[in-house]
Amino acid sequence: FCFGVQRAVNLAYEQKNKERVYTYGPIIHNAQVVEALEQKGIYKLDNVDNITDHSTLIIRSHGVAPGVYEQAHNHNVDVVDATCPYVRKIHKIVERHKNNGDTIVIVGNKNHPEVIGIRGWAKNECIVVDDAAELEKSMFTNNKDICIVCQTTYRKDKLNDIVQWIQNNYKNVTVYDTICSATAERQEEATEIAKQVDYMIVIGGKSSSNTQKLYEICSKHCHNTVCIETAEELELNNLKDSDRIGITAGASTPD
């Protein structure tokens, strides 16, 4: 686990002896961890509308929009905030620049829960971009300053391409490289390993963004790259005794 995920899981387990404990969405993107929490009586909710008053609501590591906190408050719910501190830092940056009237650009997947949460702190008035090619269709206001932030689990090379395009076309651009250091280091190490091996194994949840990014990166350097969630999915007959095998894992993959 990376630091933010470990913190979120620890906070969740600390609530296990309370009644009516829920997480807002999956606490992390790993099905085995979510299942283990359910066995302790901690269940995930996709919205706060039907939550019982005086329940405990754990905010997942990906963070949420301000409206979720308001809904929880209206239901008299005890909130345990497990938002990753690196994600919370992005919320503060976006909120500050939005209050200054700047144009907010979020680099990431618009459907990822982390990005949905960040958008909320920009009052959902922002540009979300996943690829430099998309920028030509985006509407920028020339006389506004531009603030760029990034999903913490994003690919560094794609961020660089997007930043380069914006800086080439607009002035007054402030860039915050908010890719988590643990993510960046993991991507760099996975790249080096993938270059040296015959077979690369990436371990992590199917819905984990950072795991999928590792798979994309490794696949560029090692043709025989597989992504698995559990040991049972590994097809051992694809491996030869002489193969040099590389292994990496996503930030929300249990030890």
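Is there a residue in the stretch 186-207 that is under 20 Å from I106 (Cβ atoms) and either in contact with a His (Cβ under 8 Å, 6 or more places away or on another chain) or touching a residue at least 60 places away in the same chain (Cβ under 8 Å) (or both)? Yes: one or more hits. Within the stretch 82-110, the residues that satisfy the criterion of being open to solvent by less than 50 Å² (accessible area, probe 1.4 Å) and either part of a helix (DSSP H, G or I) or closer than 20 Å to D157 by Cβ (or both) are V87, I90, H91, I93, V94, H97, K98, V105, I106, V107, G108. Scanning the stretch 220-229 for residues that are of a type in the set (A, V, I, L, M, F, W, C) and open to solvent by 20 Å² or more (accessible area, probe 1.4 Å) yields V226, C227. For the stretch 59-77, filtered to residues that are touching a residue at least 40 places away in the same chain (Cβ under 8 Å) and not in a loop (DSSP other than H, G, I, E, B), the residue that is nearest to P26 (Cα to Cα) is V68. Scanning the stretch 33-50 for residues that are hydrophobic (A, V, I, L, M, F, W, C) and open to solvent by 10 Å² or more (accessible area, probe 1.4 Å) yields a count of 4. For the stretch 119-167, what are the residues that are free of Cβ contacts under 8 Å to residues at least 40 places away in the same chain, aromatic (F, W, Y) and part of a loop (DSSP other than H, G, I, E, B)? F140, the sole residue that qualifies. Condition check: in contact (Cβ under 8 Å) with a residue 12 or more places away in the chain, under 21 Å from Q151 (Cα atoms) and touching a helix residue (DSSP H, G or I) at 6+ places or on another chain (Cβ under 9 Å). Does H97 satisfy that? Spelling it out, it is not the case that H97 is in contact (Cβ under 8 Å) with a residue 12 or more places away in the chain, under 21 Å from Q151 (Cα atoms) and touching a helix residue (DSSP H, G or I) at 6+ places or on another chain (Cβ under 9 Å).
None of T23, T52 is β-branched (V, I, T) and more than 28 Å from G204 (Cβ to Cβ) except T52. If you check V77, V68 for being in contact with an Asp or Glu (Cβ under 8 Å, 6 or more places away or on another chain), closer than 30 Å to Y13 by Cβ and open to solvent by less than 60 Å² (accessible area, probe 1.4 Å), only one passes: V77. Being over 20 Å from the mean Cα position of the chain (by Cα) and either in a loop (DSSP other than H, G, I, E, B) or surrounded by 18 or more Cβ atoms within 10 Å (Cβ to Cβ) (or both), is that true of even one residue in the stretch 111-118? Looking through the stretch 111-118, none of the residues is over 20 Å from the mean Cα position of the chain (by Cα) and either in a loop (DSSP other than H, G, I, E, B) or surrounded by 18 or more Cβ atoms within 10 Å (Cβ to Cβ) (or both).
One residue stands out in the stretch 49-65 among those that are at pLDDT 95 or above, closer than 18 Å to Q15 by Cα and among the aliphatic types (A, V, I, L, M): the one that is nearest to the chain's Cα centre (by Cα), namely I59. Consider the stretch 14-32 and keep the residues that are within 27 Å of A231 (Cα to Cα) and touching a Gly at 6+ places or on another chain (Cβ under 7 Å). The one that is most open to solvent (accessible area, probe 1.4 Å) is A31. Can you spot a residue in the stretch 169-176 that is within 21 Å of T83 (Cα to Cα) and not polar (S, T, N, Q)? Yes, there is a match, as at least one residue in the stretch 169-176 is within 21 Å of T83 (Cα to Cα) and not polar (S, T, N, Q). Within the stretch 171-219, the residues that satisfy the criterion of being open to solvent by 30 Å² or more (accessible area, probe 1.4 Å), in a helix (DSSP H, G or I) and either basic (K, R) or farther than 18 Å from C2 by Cα (or both) are R186, E192, I193, E216, S219. For the stretch 155-169, residues that are in contact with a strand residue (DSSP E or B) (Cβ under 6 Å, 6 or more places away or on another chain) and either open to solvent by less than 10 Å² (accessible area, probe 1.4 Å) or over 15 Å from V128 (Cα atoms) (or both) total 4.
The values are calculated or read from the model by the stated rules, or taken from the named source; none is laboratory data. Please read these numbers as outputs of a predicted model, since none were measured by experiment. A quick note on method: Cβ atoms are made from the backbone with ideal geometry, for glycine too, and the neighbour counts reach across all protein chains shown. Protein only, heavy atoms only, side chains kept; ligands, DNA and RNA dropped before computing areas. Shrake-Rupley method; radii C 1.70, N 1.55, O 1.52, S 1.80 Å.
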